[in-house]
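The values are calculated or read from the model by the stated rules, or taken from the named source; none is laboratory data. Treat the numbers as computed from the prediction; the structure is a model and nothing was measured. Positions of Cβ are generated from backbone atoms using ideal geometry, with glycine treated the same way; all protein chains shown enter the neighbour counts. With ligands, DNA and RNA removed, areas are computed over all heavy atoms of the protein, side chains included. Shrake-Rupley method; radii C 1.70, N 1.55, O 1.52, S 1.80 Å.
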Amino acid sequence: MSRSFALSCRSLLAATTVLLASVSHACFAQTLSPPAQAVTPNSTPVGASAERIQVVGETAYAARAQFHTGSAQLGPLGSRPLLTTPMSVTVLPQDLLVNNQTRTLNDALRALPSVEVRDQQGLEVSRPQSLGFQGTITQNTRLDGLNIIGTTAIPVENLDGIQVLNGLGGALYGPETPAGVFNYVLKRPTDTRLTRIVGSYASDGVFTSEADLGGRVGRDGWLGYRVDLVHGEGESFVRGSYANRTLGSADFDVHLDRNTVIQLNGSHYQDTGFGLPGSIVYDGSSTSLANKSTLLPTAPDPTLRGLGQPGAGTDLITNTGLVKIIRRIDDDWRFEMGGLYQDTKRNLFGITNTLTDDRGDYTATRNFTAVPHFTDGSNEASLNGIVRVLGLRNEVTLATNGFINDQYSYRKSIAVTLGKSNLADPAIFPYAGLPDNGGQYQSGELRQQSIIEGDTLHLDQHWAVQTVFSEAFLHSASYDNKDRQTSRFDTAGAFSPTVSGIWTPTAKATFYFTYASSVEQSDQAPSTARNANAFLSPYHDEMFQLGAKYAPVENLLLTADLFRMDRPYATTQSDNVFRVIGSQRDQGAEFFLQGSVLPSLSLLGGVTYIDARLLNSGNPATNGGLIVGVPQWKTDWTLDWHPEALHGLAFTLAAHYESDRAATDNNNSFAPSYATLDLGARYATHLFRRAAIARLSAINVTDKHYYSSIADGNIVGSPGANTAYLAAPRTILASLEFDL
């Protein structure tokens, strides 16, 4: 028995002993939202989302999964009903995350048909993207509305849900790409005492223990708390590999009075994975005349030793602090102000397998030259209220948000060539130590601050016009390893408008048209380009969206829309200079369903069609071609069946399908289409007079071998040319939870 296995077993045994020793007989009661003590203009408690879910009684946590979400936080606009929001917004609720035993953000986002995840330096160093556009380092990802680093590991256990705005959100959030807005919503303190102890197992040998604690203390419960502690380690799906995850997260609500709350949040997260498959880099002719591989090979078995190397992988450490103050001024007005600081260390010691021909021969290197250290300081403030002009209702917003993002790189390359092998029989190479990195230097800085004005004018009970404008102040600079500035751009007053027409013919239906234009901070050149680390001048993006939303019954929402978006497209050309070479035009349609189809059946999923193409490239071989890594068809469905007649027994099913994806800019190679199936069951009961629930899941039941991510390496900063990452094999998940 390995040492990590023994340590995990002892950890799980200790947690179980605590459960058996407990003699408290208090009834279990919980809420998934903060205390309902203060009311905002839209009747939402101070510091809370608009959705209220409360379960009181001896019922296991999330036993009767509910997928319906009535509202979402839309940045400075605050909490808005999804039914009447003139944008495509999808939400992953906590019930889905808990019952699917989701551990990583990438696994969670697989449930959304309009979302892709582009891996870069490992399965946790990724850029989430929506509707075929790549995300950025920090512009498109947020924690409770504040910018965070999106290209590192993000835990799921301390999240209440994930909200995704599909499309261009620059007017609301400041300059960003059309990749959407990914807002990760933290758990909040519970009204009454919550004590969840969970022990879980993932094949082939990762054991995880979690404690999720919540409640309120003090006179009238003035102090609320939510603490989440997670530790898991063991051998992952490759023999000899090692995985370790540790999370410490604490959230507090300090109620100064009935109308004022201060939210304090802090977390430490470390995610380590060694020995797992590295990237497969192909089309090497674009970076070296000696490399002739142009085709993406068939996906090999991810469990093969040698695709990764013992002791090679990633060690990601993120520390985050967040504070907000929320004040209800009166029944019509609400003020919020917040700040966040995040320090992210990315020890990227993974493997790159660069193909040298189309027979599977490759050269393996260890360590990545990508940015190993980020810091991010972000801020937001908003004033929301209701004004009546000439008898017409105006929901108005005045806000600001922004961030300062610093990037630090090694002065010397740490990449080490290990040797040559073939994908059919990958080799284990002798261990190579870390070379001298020369220390770190500041290689880039991004600063962004926006002023936002919004108004939703209700012309009558059926018609409304929503306008949101932002004026942004942008700064970017890059430096080489001699501390010399290599680029600098400053822009003041960059204007990003969004205008929507909204028609609600009945209380159950909404039709809308939205036009958006946005400035965004440009892409950064990869470290291997002649203009290494340089930021290009700001981009201008555009979006048209026509949509409909319908709620046929309570707790069920159907949405559909047509969209078209354009964004400049930059990549590294034959002269090894990173520059804009054309534009990416994505157009298509979305359909999404979320909620309770029947009292015992929850459903979340949909279908997305995206025609993503490169236009005006000036190169006949690529002009009009499909964008690398974007499937034209993607569908994902998650079903949860929990009938009363089965007395606590429930079943889950998740199905995923992607059509083929272009693997090269000239479309001479494709990743084939694939489909996967996940199955699960759970049983809620009582053990030792405590609510308990056992969960069992099988992910990728048929053990399909496929690529989870295909990316143009030179556009997303990955090493080398086009880059592919293998998806995980069939995985069995099992957990036992006690709610004390």
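Is it true that VAL89 is over 29 Å from THR208 (Cβ atoms), open to solvent by 10 Å² or more (accessible area, probe 1.4 Å) and not polar (S, T, N, Q)? Yes; evaluated as a whole, the condition is true for this residue. Restricting to segment 209-233, count the residues that are assigned to a strand (DSSP E or B) and either open to solvent by less than 10 Å² (accessible area, probe 1.4 Å) or not hydrophobic (A, V, I, L, M, F, W, C) (or both). Final tally of qualifying residues: 14.
The residue that is modelled with the highest pLDDT, counting only those in segment 239-254 that are polar (S, T, N, Q) and buried (at least 22 other Cβ atoms within 10 Å of the Cβ), is SER249. When the criteria are applied in full, THR571 meets the requirement of being in a strand (DSSP E or B) and either touching a helix residue (DSSP H, G or I) at 6+ places or on another chain (Cβ under 9 Å) or over 27 Å from PRO81 (Cβ atoms) (or both). Filtered by the rule that a residue be modelled with pLDDT under 80 and of a type in the set (S, T, N, Q), segment 523-536 gives GLN524, SER527, THR528, ASN533. Name the single residue that is nearest to GLU590 (Cα to Cα) among those in segment 117-136 being of a type outside the set (A, V, I, L, M) and open to solvent by 20 Å² or more (accessible area, probe 1.4 Å). Only one residue tops the list, namely ARG127. Does THR572 satisfy the condition of being closer than 17 Å to ASP523 by Cβ, hydroxyl-bearing (Ser, Thr, Tyr) and in contact (Cβ under 8 Å) with a residue 60 or more places away in the chain? Taking the combined requirement at face value, the residue satisfies it. Within segment 331-369, restricting attention to residues that are under 28 Å from the mean Cα position of the chain (by Cα), touching a residue at least 40 places away in the same chain (Cβ under 8 Å) and surrounded by fewer than 19 Cβ atoms within 10 Å (Cβ to Cβ), the residue that is farthest from ASN533 (Cα to Cα) is PHE335.
When you scan segment 266-283, do you find a residue that is part of a loop (DSSP other than H, G, I, E, B), open to solvent by 20 Å² or more (accessible area, probe 1.4 Å) and either under 28 Å from ALA60 (Cα atoms) or in contact with a helix residue (DSSP H, G or I) (Cβ under 7 Å, 6 or more places away or on another chain) (or both), even just one? No, because not a single residue in segment 266-283 is part of a loop (DSSP other than H, G, I, E, B), open to solvent by 20 Å² or more (accessible area, probe 1.4 Å) and either under 28 Å from ALA60 (Cα atoms) or in contact with a helix residue (DSSP H, G or I) (Cβ under 7 Å, 6 or more places away or on another chain) (or both). Within segment 513-540, the residues that satisfy the criterion of being over 30 Å from GLU554 (Cβ atoms), part of a strand (DSSP E or B) and of a type outside the set (Val, Ile, Thr) are TYR515, ALA516, SER517, SER518, GLU520, GLN524, PHE535, TYR539, HIS540.
Which one of ALA721, ALA698 is touching a residue at least 24 places away in the same chain (Cβ under 8 Å), over 30 Å from THR363 (Cβ atoms) and buried (at least 17 other Cβ atoms within 10 Å of the Cβ)?
None of the other options fit; the residue is ALA698.
Filtering PHE670, PHE651, PHE688 for residues that are touching a Phe, Trp or Tyr at 6+ places or on another chain (Cβ under 7 Å) and open to solvent by 50 Å² or more (accessible area, probe 1.4 Å) leaves a single hit, PHE651.
Looking at segment 473-484, is at least one residue touching a Ser or Thr at 6+ places or on another chain (Cβ under 6 Å), under 25 Å from ASP561 (Cβ atoms), in contact (Cβ under 8 Å) with a residue 24 or more places away in the chain and not acidic (Asp, Glu)?
Checking segment 473-484: not a single residue is touching a Ser or Thr at 6+ places or on another chain (Cβ under 6 Å), under 25 Å from ASP561 (Cβ atoms), in contact (Cβ under 8 Å) with a residue 24 or more places away in the chain and not acidic (Asp, Glu).
Residues in segment 310-330 that are among the β-branched types (Val, Ile, Thr), touching a Leu at 6+ places or on another chain (Cβ under 8 Å) and crowded, with 18+ Cβ neighbours inside 10 Å: THR314, THR320. Residue check: ILE154 meets all listed conditions (1) buried (at least 24 other Cβ atoms within 10 Å of the Cβ); (2) at pLDDT below 90 but one, namely (2). Here THR102 meets the list (1) open to solvent by 20 Å² or more (accessible area, probe 1.4 Å); (2) within 18 Å of the chain's Cα centre (by Cα); (3) free of Cβ contacts under 8 Å to residues at least 60 places away in the same chain almost entirely, failing just condition (1).
Restricted to segment 543-587, and to residues there that are of a type in the set (Val, Ile, Thr) and open to solvent by 40 Å² or more (accessible area, probe 1.4 Å), the residue that is modelled with the highest pLDDT is VAL553. Here the condition is being touching a residue at least 60 places away in the same chain (Cβ under 8 Å), over 22 Å from the mean Cα position of the chain (by Cα) and open to solvent by less than 30 Å² (accessible area, probe 1.4 Å); of PRO526, PRO538, it holds for PRO526 alone. Considering ASP160, ASP119, the condition of being acidic (Asp, Glu), closer than 26 Å to GLU336 by Cα and either out of contact with any Pro (no Cβ under 9 Å at 6 or more places or on another chain) or at pLDDT 90 or above (or both) is satisfied by ASP160 alone. All of ASP739, ASP712 fail the test of being more than 26 Å from THR190 (Cα to Cα) and of a type in the set (Asp, Glu), apart from ASP712. Only one of the numbered conditions (1) over 30 Å from ALA381 (Cα atoms); (2) of a type in the set (Phe, Trp, Tyr); (3) without any contact (Cβ under 8 Å) to a residue 40 or more places away in the chain is not met by TYR225, and that is (1).
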